[in-house]
1. How far, in nm, would the chain grow between residue 273 and residue 187 when pulled straight, counting 0.36 nm per residue and subtracting the alpha carbon separation?
2. Compare 183, 135, 25 in a GNM of the chain, Cα atoms joined below 10 Å, and give the one with the largest fluctuation.
3. From the square roots a ≥ b ≥ c of the eigenvalues of the alpha-carbon gyration tensor of the stretch 204-277, which class results: rounded (a/c under 1.5), prolate (a/b over b/c), or oblate?
4. When the chain is fully extended, how far beyond the present Cα-Cα distance does residue 259 get from residue 13, taking 0.36 nm per residue of separation?
5. When the chain is fully extended, how far beyond the present Cα-Cα distance does residue 249 get from residue 94, taking 0.36 nm per residue of separation?
6. So for the stretch 42-181, considering every pair of alpha-carbon atoms, how many percent are separated by more than 23 Å?
7. For a quick check, take a GNM of the chain with Cα springs below 10 Å and name the residue from 229, 150, 251 with the largest mean-square fluctuation.
8. Just report the Cα centroid separation between the stretch 212-284 and the stretch 28-51, whole Å.
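All of the numbers you see were taken from the coordinates with simple rules; none came from a lab. It should be emphasised that the depicted structure is a prediction, and the values quoted were computed from it without experimental measurement. Note: ideal-geometry Cβ built from the backbone for every residue, glycine included; neighbour counts use all protein chains shown.
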């Protein structure tokens, strides 16, 4: 897959634990660098990943994108716990023959990536957590009704729903958000598999339980021994930015980057900076 890019890599399938996982794998299989596996946000699928980020990493390492159980073109029912999502993700990586990788988790995907690091530490070399938080974090799973409503809008171009969810309301951020949307709609054979109510219900239940199950002193984070890079924007309205500070404070080996004038999709707003800073973290 070294000749493919984000927009040309074919969708492939692999069976694991009775699930037929959809994935795309491309980039430079440099034996000196670990593959990078992306964990997707709430109701996101393969085609909501940013080509500018995927291709930025693919210049010198393998990139793996996948739909977890029950999402879009992957079979099964969406689990209603983060723990089971992590179990399924581990089975997917096993089926691909990935024995260790760097994980990038955004939002709900960051919850799942943390849980993989806890349940399957053998699979994780380094962890990048974007716009996410710890188990029992501040406001996680308790989204205000007006914010939750942003996910249910119907638009002529549905991808435009991400503008108020992922980007700040400022003129600059919204402009960069529109550029992100143009990038993600550029792929000609986008995954048109519909999202049913089960995706919303399963993922919503998983996030609610994970967020409202309090972990005194965030003790569970001590089980994540690998180096972690935490990234967020100044005003994340989906998983409050304070949770990124909590991750950095309570993880044993974590550092934090906060980008200005940014919301929940900070890495989509600053893809070049994100790739540059993350590579510095991964390569040292």
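1. Extra length available between residue 273 and residue 187 comes to 28.7 nm.
2. 183
3. It comes out oblate by the Cα gyration axes.
4. 85.0 nm
5. Stretched fully, the residue 249-residue 94 segment lengthens by 52.6 nm.
6. 41
7. Result: 150 has the largest fluctuation of those listed.
8. Distance between centres, Cα-based: 17 Å.
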